[in-house]
Each structure stands twice: as C-alpha cells, then as structure tokens.
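I have placed the structure first, in the form of structure tokens, so that the comments after it can refer back to it.
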Amino acid sequence: MADEPLEKKEATEDETSSREDFAFQTEVNQVLQLLVHSLYTKREVFLRELVSNAADALSKVQFELLTQREVASREADLEILVDFNVDDRTITVSDTGVGMTRDELITSLGTIAHSGSKAFLDAIEARRKEAGEGAVLDLIGQFGVGFYSVFMVADRVVVESRSMEPDAPAHRWVATGGDSFSIEPAGRTLRGTTVTLHLKDDASEFLSRHRLEEIINTYSNFVPFPVKLQGNVVNRQKALWAVSKSEITEEMYTEFYGHLNHTTKAPLAHVHLQADVPIQFNAILYVPHESPLMQYYAIETRHGVRLYVKRMFIQENCEELVPRYLRFLVGVVDVDDLPLNVSREMIQKNPLLAKVRSNLTRKTLKLLQDIASRDPEKYATFWRQFGLYLKEGVRDDPASSDTIAELLRFNSSHHVDDKGLTSLAEYVERMPEGQEEIYYFTGPNRQTIERTPHLEQFRKKHYEVLYMTDPIDPLVVLGLGDYKGKKFRIIDDPKLDLGAGDTSDEGGDEPDIGKDFVSFAGKVLGDKVESVRLSRRLVESPACLVNPENSMSSDMQRLYSMVDRDFKFSRKILELNASHPIVRNLNAAFAGVVGDPSGQERLRPYVENLLDVALLAEGIHPNPADLVDDFNRLLAVATGTLTHGPDTSSVGEPALSPDEEAKPPDQGVDTSPATEDTAS
Ligand code: ADP
Ligand code: MG
C-alpha cells in the first residue's frame, strides 16, 4: 500500500529529484470541478470505471499476446485485483493489462483527447442543472473521462504503471484533485497498473468487503476477466451473448447493458441473435435509453458495437458491423469464423462481416417495427431520441428504405400541437376520398409552418399536411419519392391546384378584380417578383408566394439556404386573393386613379406591403427590420381615418379598414371582422 512513509522510503535520492509536476488540461480541471465538489449519490461508480479501465487494458494485452511480438511479463495471469486497507484508508485496483509508459500516463490521465470536449463539458454542466447529478456520472463514463470519477471518493490518487513494452520503465502518477499532478520513476517490474485511492473522510463506507463486492456485482459482473476481491473471484465473467437465451433473465440483459454503456439505466430494447448458418455468430444489440450527447455534438463515442472473435475482444466501436445510421446501437458481436489475429484492413474488406452487417441491419429494423406495433408509446420515445438517425437511413440505405419508411414519424396538421406523431401508414389511412398524394411542408418548427397561407386550401379541403421540421426532411422525401404509390407533394408546389380558393361555384358574387390592377401590382413590384397573378389557393390571406414552375422546390431551396449563406431564393410569383378586403379595396382604389400617376403612386406602399407580409409568412423576408418604417407609415394613414370613422367604401383614397392596418404583420387576418364579412 503506497501510504506516505512507505513512499518516501522507496524513493531514492535520484527518484525524488526526477519528480516532475504537470498542470491538468483545462477540460480536465472542468471535469474535476464537476466531480470533486458535487454531492453525488452514486459515488460508487468510481469502482465501475476503474474495473472497466483494467478490463480494457487486459483486453488489449490479450490481443497483443496472440501475436509474436515481445510483451513484458508474458506469463502473468490476466486478472483484476481489488483490495482495501482499513488502517491506511486505501483501496487498490491492480491489473496486468497493457500498462502505461510515462508519456501515456501524462496524456491519458492529464488530458482529454476528444475534439469538442469543451462544448461537451458545458453541455454536461447544463445537464447537471436540469437532470441531476446521476445523469452526469453516466455521461462521464460514456465520454471517456471515467477515470477522474475517483476524485469523488479520494483526495489523493496514486497510479503506478509499467507498460507492456519490453524496455519501458515503470512510473508513478500522483494527484490530489487540485489542478496538477506529478510523475516520477517507480520500482515496479510487473506489467500492468495499480491505482491506489486514499479515501476522503466521508468515504469510509467503501472500506468494506461486503460493500465492494456488492458494487462489483452491480456494475462489473460481465467483465470478461476474473475480478478478485481480497483473492476471491467475485464476478460472473460470462460472455452473455454465448449463453443460451433461455437462461438469461431480463435483469441480466440490463446489467450487461450497464456494463457496456457505463450506465445504471435500462435500455429501451435489445435483440439477441445466435446464428449458425451461413455464418456462426452471436450478437446482443441494445437500443440505448437515450441518445448519447456526444453524438449530438459530433464527438465519437468509444462504445457502440464491439467486435469479438471466439469470445476474444478485437475492436471497439466497430463501424463495419452496423451501418452508420444505426450507430446509436450499443452491443457486442462475436463472430466465430474469423481468424483471431484479424487486422484492421481485413475487418474492412471482409465479406463475412458484410453479411453479418446486413443480417444485423435487418434484425434491428425488425426489432424497431415490433416495438412500433406492440408499444407505440415506447416507439415514440425511441423516435424522439433516434428518429434523426433513421432518416439518414432513407438516404444511405436505399435497399432498406421501404422498411424504414414504415418506421418514420411526423407531426402533422392532424395533431393539436407539436407533440403528436403519425406514421405514413396512418396518414394514408386518413386520406379522404379524392386525395391522391401525400402533402407536406417544411419549416423550422410547427408554429412557422402553420403560418403559411398555403395551408389554407388544405384546411378547407380537410387534407392532412405533414409538418417536416428537420433539416434532413427534404432529403428524406427525395429519397422516398413516394409511399405505397402515393407521391409526396410540397404544398406550395406551383403546379398544385386543389381549387379550394375558387369561389365561383359558391354563390357567384366573386369580386371582380381587374386585369389592370394585377398588372399594375406587377409593375409596382418590378423585379422583386417573377410575376403577379390571381390565386385559386387562398382562403384567408390576402396574398401568398409560389415558385415559378420548373424552379427548385421551396424545401430544397430552404435546405440550400442553410448550407450556403450566399444562396439566393428563386424569384417568386405573388398570388393575390381576390376575395380579400385588402385586395378588393386596392382594386377599387385603383379604378379611381386610372390615368392618374400621382394617385397611383399613393397605392404603391400598400402593394409593396402585400409582398412584404407574404415574404414574412414564408419566413424568407430578407430584411424584416426594414418593415418597421413601412408599418409606421401605413399606421399613420390608418389612424388618420379613426377621427372621421372608417369608411371602407370610399374610392380614390387608400381606403383600408383600420382593422386591417392596425395588426402586426404575422397575425393573419382570421380574427378580423372584415374577413368575417367576406366569408358571409
Ligand atoms: P476511457 O476508459 O473511456 O478511455 P478513462 O478516463 O477511464 O477513459 O481512462 C482514460 C485513459 O487512461 C484510457 O483510455 C487508458 O488509455 C488510460 N488508462 C486508464 N486506466 C488504465 C489502466 N488500468 N491500464 C492502462 N491504461 C489505463
Ligand atoms: Mg474508462
């Protein structure tokens, strides 16, 4: 036990003088801050992290031992020893794994290698505030900074390590939870690592055989090497994937998941495959309880799916085993028919693994389909966490896109708020007679989409519209093309004509908007629009924008605008609603100023305003702030009419009702009394 007096005795004059101090990297300090000063209830996970590191180190050396290369302490047993000493108040965890050289000690236990770790740690901090401390401990293990969890229970940590490299001398790493650590030579000759924790005063509970055994059983049962507590093996060590399914309880699956994913939570689902023909392999794949934050931050996680060959660990995070869009899966795949000394290149090109991969893909999609049909609520939970990944699959895995199509979920006009989800099958089921296509619209969120005037004719027809709010959605639609023969159609498609805005068959009092006014509006707007025309699609709004035929669809344009700052939206056609009071008033006003250029000039701001509001409704107004002046000017005119009372019938003046003018631009006109008038 490396307590104070012993350490001084061991250190020769020479060694003491060669002690060097190092500052922890900023990110490590941040992790330490999170751990040292917080009151975690699950501090016991420090042991899970130490045992997990020891097991990783053993797996790596086990792999090296298969090769012919020279490895220190070739004969040493591959095991993990856990010990404690009540008098010294220490716990030690030793392994005979790969060990660390001096440089490895400095980088592995003094820095965080991941890029983007600062952003990630900030996110952890935010998460701590909202989801509590437990969430942090899981994340820290998954992120690959589990080692530092020792500082929850210890105020002095000593790591002695001797690398497997034949000539590497041993070193001792010492830290006290401050912002620095020291390194000095050590006397150890046996390959591997010993971590000694000097426990804090409030951590005495861990100086108990019973307690340590309990912790190992909870978190480390499936570590594939013997974990010995004071000389006795206390873990199960079994390769769960090779055990017959009938002998495995749900608890065991959950426990194994916890071991793989450094968590205390249960997974959402799992599938256990034991295949004999044509390829012999065993696999357990888990759908995690939540999407790993680091994938969100585009930081690679170390876990994912691990490759084993005949029970021997070969590779972490093996990308060849599941397609990229299923990278959220966590699990183990053990292939019998591969040679033990498989190389990286061989893994990449192996046709056997390609077969395993397509099998795993099929089984995973089937598992998800089963959840979707048996337990829609659980599936909704899955979808909110991992839906984005599946959408990638539509694009990346065309062969599976029919299957994936059944797994997709969207919010739609059928739902009362943005929480609802519908499948394409349900959508089609609800289609009323006469509807032939699947309608959708894209936008940043439901609120914005609901503002588009293009929805009006669909509301009137009771046609459901899918609300697509993920940036990737236009690509999903493009990838699918259709669903069961029903084409996807964006609702502002210029070719679309449901005839909902056509009032000619509803009593015949269609207001007569002159061609002259329409061409006047076109002249006023000039090259700000492609053209101006009367609309057959509007019900409530005065105007809307549509793309010229043969231009790129609006969802693709929005997608381009997101990836390319300089992207220019194509010029649009402004469509006018002939039944709307603004349009009617303007038309009437225009009739009074034919041949009167200065009278026409007074109408200009109102026509321009129609375009501005239409641009706002689409969320593509290039400069919304410019509108403030325009609105103030219009309001000045409108409020001027208040003193002599509104007179909507007068012609020759820009006779807009105050109701129309006094409203902010984004509120539509549905509450306006003027609109109710026209509807009657
Ligand atoms: P992770 O295990 O996810 O990489 P940790 O913070 O637990 O993150 O450990 C950091 C690194 O320290 C490990 O990746 C490994 O390189 C090194 N390490 C920790 N413990 C040991 C050990 N017992 N033997 C060899 N290397 C170790
Ligand atoms: Mg670790």
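The table for this structure:
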read-out	value
Qualifying positions in segment 172-188 - away from ligand 1 (no atom under 12 Å from the Cβ), part of a strand (DSSP E or B) and in contact with a helix residue (DSSP H, G or I) (Cβ under 7 Å, 6 or more places away or on another chain)	ILE183, GLU184, PRO185
Those residues of segment 96-133 which are at positive phi and within 16 Å of ligand 2 (Cβ to nearest atom), in sequence order	GLY99
Enumeration of residues in segment 447-501 that are open to solvent by less than 30 Å² (accessible area, probe 1.4 Å) and either free of Cβ contacts under 8 Å to residues at least 12 places away in the same chain or of a type in the set (Asp, Glu) (or both)	GLU456, GLU464, ASP473, ASP492, ASP493
Residue match in segment 309-328 (condition: at pLDDT 90 or above, part of a strand (DSSP E or B) and under 20 Å from the mean Cα position of the chain (by Cα))	no
Matching option when the condition is within 15 Å of ligand 1 (Cβ to nearest atom) and surrounded by fewer than 19 Cβ atoms within 10 Å (Cβ to Cβ), among GLU130, GLU165	GLU165
Count of residues meeting criterion [in a helix (DSSP H, G or I), more than 9 Å from ligand 1 (Cβ to nearest atom) and more than 10 Å from ALA170 (Cα to Cα)] in segment 96-112	2
Residue pairs meeting the criteria (Cβ under 7 Å; at least 6 apart or on separate chains; first under 10 Å from LEU207 (Cβ atoms), in segment 83-104; second within 15 Å of ligand 1 (Cβ to nearest atom) and not hydroxyl-bearing (Ser, Thr, Tyr))	PHE84/ILE91; THR90/LEU197; ILE91/LEU197
So SER553, is it among the polar types (S, T, N, Q) and either on the phi > 0 side of the Ramachandran plot or in contact with a strand residue (DSSP E or B) (Cβ under 8 Å, 6 or more places away or on another chain) (or both)	yes
Options PHE63, PHE84; residue that is touching a Phe, Trp or Tyr at 6+ places or on another chain (Cβ under 9 Å), more than 13 Å from ligand 1 (Cβ to nearest atom), within 21 Å of GLY231 (Cα to Cα) and open to solvent by 10 Å² or more (accessible area, probe 1.4 Å)	PHE84
Unique match (being of a type outside the set (Lys, Arg) and at pLDDT below 90) among VAL51, VAL36, VAL28	VAL36
Subset of segment 189-224 [within 16 Å of ligand 2 (Cβ to nearest atom) and either at positive phi or of a type in the set (Phe, Trp, Tyr) (or both)]	GLY192, TYR219, PHE222
Count - residues of segment 262-288 that are of a type outside the set (Gly, Ala, Ser), assigned to a loop (DSSP other than H, G, I, E, B) and within 18 Å of PHE222 (Cβ to Cβ)	6
Segment 27-60, subset small (Gly, Ala, Ser) and either open to solvent by 70 Å² or more (accessible area, probe 1.4 Å) or not in a loop (DSSP other than H, G, I, E, B) (or both), residue nearest to GLU316 (Cα to Cα)	SER59
Flag if LEU360 is without any contact (Cβ under 8 Å) to a residue 40 or more places away in the chain and crowded, with 21+ Cβ neighbours inside 10 Å	no
Answer from VAL158, VAL145 - the residue that is closer than 30 Å to LEU121 by Cα, open to solvent by less than 40 Å² (accessible area, probe 1.4 Å) and within 16 Å of ligand 2 (Cβ to nearest atom)	VAL145
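The values are calculated or read from the model by the stated rules, or taken from the named source; none is laboratory data. All figures in this text were calculated on a predicted structure; none of them were measured in a lab. Virtual Cβ from ideal backbone geometry, glycine too; neighbours counted across all protein chains shown. Heads up: the accessible areas ignore ligands, DNA and RNA and are worked out on the full protein's heavy atoms, side chains in. Shrake-Rupley method; radii C 1.70, N 1.55, O 1.52, S 1.80 Å.
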